[in-house]
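Novice: Pasting in a structure now, in structure tokens, and then I'll have a few things to ask.
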Amino acid sequence: MPADRDPVLEAMPLGFIAVDRDWRITYVNAGGEAVVGRTWDELVGACFWASFPANRDSEAGRVYREVVATGHARTFEVYYPEPFHGWFEVSAVPLGAGLAMYFSEVTARRTAQDRLALLARVGAELTGTLDLPEAVRRIPRLVVPELGEACLLTVVDDDGRPRDLGSWHGDPARRDLLTRYAGVRLPGMPSAAPVMRALAGETVTADGDAVLAAIEDEEAARLYRELGAPAVLAVPLPGRDRVIGALTFLAGNPGSAARVDPLTAREVAGRVGLALDNVRLFARQTQLTEALQRSLLTDPRGSGLGAIEVRYTPAAEAARVGGDWYDAFPQPGGATTLVIGDVVGHDTAAAAAMGQLRSLLRGVAAYSGAGPAEVLRGLDEAMATLGVDTYATVAVARFERTPEEAAAGRTRMCWASAGHFPPLVLDPHGRPVVLPAHPGDLLLGVDPSSVRVESTLVLEAGSTVLLFTDGLVERRGLDLDAGLARLAAVVAELGGRPLDELCDEVIERLVHGHPEDDVALVALRLDR
């Protein structure tokens with residue numbers, strides 16, 4: 001070992017460079033020579049800034065000058081671009097009037113940490129939504145710039161056609177450009193293009209020239225050149241039983257920290273693929289269950305007494321199938337009956353029970369022509385006889401009039417309730433009507449021998465009657481009475497609107513289209 005070499009510094013597993021007050025390099029050990037790729041003779045005596053010009057205006061250079069000025073040591077990690085392309089941990093220590101720098105490459109450790117952090121973030125973000133548009137919006141943004149300078153998300157639709165549904169660029173000035181490129185690139189892509197091969201299950205890397213050569217559409221090629229013609233890594237998105245899409249990462253230039261690690265990209269794609277498949281499966285199940293629910297809620301039969309409107313809005317955060325129902329139908333003798341009901345539970349079992357109760361109630365009412373109390377008693381007894389093991393709240397309102405009442409513009413409303421809310425009534429001027437006191441009988445399924453009572457109210461022509469389920473008025477953390485008061489205030493404000501508008505606005509104002517529980521509603525406005 002030459003006499004001017006320090007055996008302790010030479011034995012260190014770290015790189016070491018020392019500079020004097022004029023930033024002249026005074027020492028570099030063998031570890032430092034190996035890292036920077038230059039020899040003692042090339043470095044010692046040379047200006048540090050001239051030997052390593054990338055440090056002059058970088059964060060590392062700023063820290064070095066700060067340590068010299070303050071005399072306080074600093075340890076930090078920094079990414080060094082060309083020719084190193086790696087992360088280094090550096091300890092900058094004051095040395096007399098100069099500076100000593102101890103450094104070691106930590107690229108592998110940093111890559112592993114970044115990969116784990118990115119995977120954790122992707123997992124946490126994507127488990128937070130089951131909404132397809134929201135998932136598509138989030139995915140490309142989650143991986144930039146950790147995995148490249150930009151990302152495009154391609155999804156195979158139900159007809160087997162690939163569509164670019166999401167994109168994100170780390171440079172705000174290029175996001176619109178990337179969006180326009182995503183809008184035109186796929187139709188002109190041959191089967192040999194990276195994204196098409198990824199959709200077939202391959203992981204593909206290609207430089208910018210190769211990507212350009214594969215683009216047949218002139219507009220897409222022009223936009224890709226404007227993006228800088230970056231290299232790409234295209235990775236398939238694996239679903240449960242097939243490839244459901246691809247992520248195309250646009251890699252940074254060779255000196256950029258935004259390069260793409262293939263291992264991390266594949267791990268991210270695996271999580272994204274599973275999450276996206278879950279979202280799509282949930283969307284299909286949601287559509288199926290909502291279609292099932294609505295198939296059980298047939299359109300109401302018309303009434304000679306006035307206009308009838310019905311609404312059903314499924315819970316925003318549940319299986320979108322449950323036990324709420326409405327009904328409206330004629331009875332023998334010309335009466336019109338409205339029904340609102342809610343089976344306990346919020347699942348397919350509740351929906352099945354709802355279908356049974358709805359049909360049983362219709363049958364009892366249509367065959368017997370009985371009033372609301374007797375209809376509820378008959379339904380309760382039928383449930384016990386047939387072994388329909390469930391509980392439900394139901395309100396039944398029957399509307400009829402004699403020829404003399406019709407001539408006077410009056411209609412009798414007779415109603416009974418099995419544990420359900422009473423009707424909400426507006427007079428012809430849209431003002432709330434106070435109902436006579438009603439005891440509120442037991443819900444169905446508790447005691448079939450329970451006595452059911454009725455209440456009667458004479459309504460003027462033009463009156464409105466609204467029956468609803470609890471999803472319209474119940475909220476977490478909100479008193480039920482406050483919910484009912486809010487409903488009454490909204491209905492009173494909207495009382496003069498056409499009946500269809502009134503129903504739509506009531507739901508919009510009270511639950512904003514996203515109820516915590518199912519909402520069913522049936523309304524009748526008597527002819528004037």
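The values are calculated or read from the model by the stated rules, or taken from the named source; none is laboratory data. Just so we're clear, the structure is a prediction, and the values are computed from it rather than from any experiment. Glycine gets a Cβ as well: all are built from the backbone with ideal geometry, and neighbour counts include every protein chain shown. Calculation scope for accessible area: heavy atoms of the full protein, side chains included, ligands and nucleic acids excluded. Shrake-Rupley method; radii C 1.70, N 1.55, O 1.52, S 1.80 Å.
Novice: Among the residues of the stretch 368-407, write down those that are among the acidic types (Asp, Glu), touching a strand residue (DSSP E or B) at 6+ places or on another chain (Cβ under 8 Å) and without any contact (Cβ under 8 Å) to a residue 60 or more places away in the chain.
Specialist: Glu405
Novice: Taking Ala234, is it at pLDDT 90 or above, small (Gly, Ala, Ser), surrounded by 15 or more Cβ atoms within 10 Å (Cβ to Cβ) and over 28 Å from Leu276 (Cα atoms)?
Specialist: Answer is no for this residue.
Here's the yes/no breakdown for (1) more than 21 Å from Gln331 (Cα to Cα); (2) in a loop (DSSP other than H, G, I, E, B); (3) modelled with pLDDT of 95 or more; (4) open to solvent by 50 Å² or more (accessible area, probe 1.4 Å):
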{"site": "Met413", "(1), (2), (3), (4)": "no, no, yes, no"}
{"site": "Pro428", "(1), (2), (3), (4)": "yes, yes, no, no"}
{"site": "Val434", "(1), (2), (3), (4)": "yes, yes, no, yes"}
{"site": "Ser449", "(1), (2), (3), (4)": "yes, yes, no, yes"}
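Novice: Here's another thing I want to ask about it. Of the numbered conditions (1) without any contact (Cβ under 8 Å) to a residue 24 or more places away in the chain; (2) crowded, with 17+ Cβ neighbours inside 10 Å; (3) more than 46 Å from the chain's Cα centre (by Cα), Asn55 satisfies every one except a single condition; which is it?
Specialist: (3) is the only condition that Asn55 fails.
Novice: Which condition from (1) more than 31 Å from the chain's Cα centre (by Cα); (2) open to solvent by less than 40 Å² (accessible area, probe 1.4 Å) is the one that Glu226 breaks?
Specialist: Every listed condition holds for Glu226 apart from (2).
Novice: Next question. Which of (1) at pLDDT below 90; (2) over 39 Å from the mean Cα position of the chain (by Cα) is the odd one out, the single condition Gly322 does not satisfy?
Specialist: Here Gly322 meets the rest and fails (2).
Novice: In addition: Look at Arg240 and say whether it is within 31 Å of the chain's Cα centre (by Cα) and part of a helix (DSSP H, G or I).
Specialist: So Arg240 fails the test.
Novice: How many of the residues in the stretch 170-194 are over 15 Å from Arg225 (Cα atoms) and not in a helix (DSSP H, G or I)?
Specialist: Adding up the residues that qualify gives 7.
Novice: Okay, next question. Answer yes or no as to whether Ala275 is closer than 16 Å to Val122 by Cα, of a type outside the set (Val, Ile, Thr), surrounded by 16 or more Cβ atoms within 10 Å (Cβ to Cβ) and modelled with pLDDT of 85 or more.
Specialist: no
Novice: Also, I was wondering about something else. Looking at the stretch 155-163, can you tell me whether even one residue there is β-branched (Val, Ile, Thr) and under 30 Å from Trp87 (Cα atoms)?
Specialist: Checked the stretch 155-163: no residue is β-branched (Val, Ile, Thr) and under 30 Å from Trp87 (Cα atoms).
Conditions (1) surrounded by 13 or more Cβ atoms within 10 Å (Cβ to Cβ); (2) more than 25 Å from Pro81 (Cβ to Cβ); (3) touching a helix residue (DSSP H, G or I) at 6+ places or on another chain (Cβ under 9 Å); (4) of a type in the set (D, E, K, R), marked per residue:
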residue	(1), (2), (3), (4)
Leu9	yes, yes, yes, no
Pro13	no, no, yes, no
Asp20	yes, yes, no, yes
Arg24	yes, no, yes, yes
Gly32	yes, no, yes, no
Val36	yes, no, yes, no
Cys47	yes, no, no, no
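Here's the yes/no breakdown for (1) more than 44 Å from the chain's Cα centre (by Cα); (2) open to solvent by less than 10 Å² (accessible area, probe 1.4 Å); (3) modelled with pLDDT of 90 or more:
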| position | (1), (2), (3) |
| --- | --- |
| Leu376 | no, yes, yes |
| Asp380 | no, yes, yes |
| Ala408 | yes, no, yes |
| Gly419 | no, no, yes |
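Novice: State which residue is surrounded by the most Cβ atoms within 10 Å (Cβ to Cβ) when the search covers only the stretch 382-391 and only residues that are outside any loop (DSSP other than H, G, I, E, B) and either under 44 Å from the mean Cα position of the chain (by Cα) or not β-branched (Val, Ile, Thr) (or both).
Specialist: Met383
Novice: Which residue pairs have Cβ atoms closer than 6 Å, lie 6 or more positions apart in sequence or on different chains, and pair a first residue in the stretch 346-367 that is surrounded by 18 or more Cβ atoms within 10 Å (Cβ to Cβ) with a second residue that is hydroxyl-bearing (Ser, Thr, Tyr)?
Specialist: Ala353/Thr390; Ala365/Thr337
Novice: What about Leu186, is it touching a residue at least 40 places away in the same chain (Cβ under 8 Å) and in contact with a helix residue (DSSP H, G or I) (Cβ under 8 Å, 6 or more places away or on another chain)?
Specialist: No; evaluated as a whole, the condition is false for this residue.
Novice: Residues Pro162, Pro172: which one is touching a residue at least 60 places away in the same chain (Cβ under 8 Å) and farther than 30 Å from Val44 by Cα?
Specialist: Being touching a residue at least 60 places away in the same chain (Cβ under 8 Å) and farther than 30 Å from Val44 by Cα holds for just one of Pro162, Pro172, which is Pro162.
Novice: Is it the case, given these coordinates, that Val93 is among the β-branched types (Val, Ile, Thr) and over 30 Å from Ala251 (Cβ atoms)?
Specialist: Here the answer is yes, as Val93 does meet what is asked.
Novice: Another question about this same structure. Here's a check for you: in the stretch 9-50, which residue that is touching a residue at least 40 places away in the same chain (Cβ under 8 Å) and touching an Asp or Glu at 6+ places or on another chain (Cβ under 7 Å) is farthest from Ala97 (Cα to Cα)?
Specialist: It comes out as Val35.
Novice: Then there's this: List the residue pairs whose Cβ atoms are under 9 Å apart, where the first residue sits in the stretch 476-496 and is of a type in the set (Lys, Arg), the second is open to solvent by less than 60 Å² (accessible area, probe 1.4 Å), and the two are 6 or more positions apart or on different chains.
Specialist: Filtered contacts from the stretch 476-496: Arg486/Val473; Arg486/Leu510.
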